[in-house]
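Read the structure below first, then the notes.
The values are calculated or read from the model by the stated rules, or taken from the named source; none is laboratory data. Remember, it's a predicted structure, so these values are computed and weren't measured experimentally. Methodologically, a virtual Cβ is constructed for each residue, glycine included, from the backbone with ideal geometry; neighbour enumeration extends over all protein chains shown. Only protein heavy atoms, including side chains, enter the accessible area calculation; ligands, DNA and RNA are left aside. Shrake-Rupley method; radii C 1.70, N 1.55, O 1.52, S 1.80 Å.
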Amino acid sequence: MSRSDGPSGLPEAGAAEACAALDWERLPDAVRGRLAGLAATAVGAMPLADVPVALRRLARFTPAKRAKLGAQALTAELASSAAFRTAVVAWWEEHRPGELTVTADDPLTAAASAILNDDPAAADA
């Protein structure tokens, strides 16, 4: 997994705190938009059990419509739920491997990946 996993496969002790310390409200609009787009793509193809109840209505929309109309709900869920962030990352790793990396050529994708993967340097990205 791409997250900041320790030897046991679980996130390292500081990883969850790093993401929690990130001020999601102060993220640039472009980064929040990319996060919403990434989550919107994954939500439509995730098993219903992995989709938070608040987002299930959005799952029926097309990815573009989900990202546009549900951006605030998607980013709020990403900010508040480590389980949802993990599910989104897992979907990307399974269905589109190599696209969601902190070393991506696109700086917005790299920043969004750092945030989703609880990278301690996410605030700098």
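What residues of the stretch 47-71 lie in the reach of a label at Glu94, counting those whose backbone N is under 12 Å from a point 7 Å from the Cα along Cα→Cβ?
Inside the label zone: 47-51.
Just to confirm a number: summing +1 for Lys and Arg and -1 for Asp and Glu over residues other than Thr109 whose beta-carbon lies under 9 angstrom from that of Thr109, what do you get?
-2
How far is it, in nm, from the label point at Asp105 to the one at Ala82 when both lie 7 Å from their Cα along the line to the Cβ?
Taking the simple label geometry, Asp105 and Ala82 are separated by 3.5 nm.
Treat every Asp and Glu Cβ in the stretch 25-112 as -1 and every Lys and Arg Cβ as +1, leave all other atoms uncharged, and give the resulting dipole magnitude about the Cα centre to the nearest 20 debye.
Details: 11 positive and 9 negative charges, 96 e Å.
Computed charge dipole of the stretch 25-112: roughly 460 debye.
If you wrap a convex hull around the C-alpha atoms of the stretch 13-125 and split its volume per residue, what is the figure in Å³?
Values: hull volume 11.0 nm³, N = 113.
Enclosed volume per residue, from the Cα hull, is 97 Å³.
Using a 1.4 angstrom probe on heavy atoms only, work out the carbon and sulfur share of the accessible area of the stretch 59-100 in %. Intermediate results must be reported in sequence, preceding the final value.
Working: 1290 of 2330 Å².
Here it works out to 55 percent.
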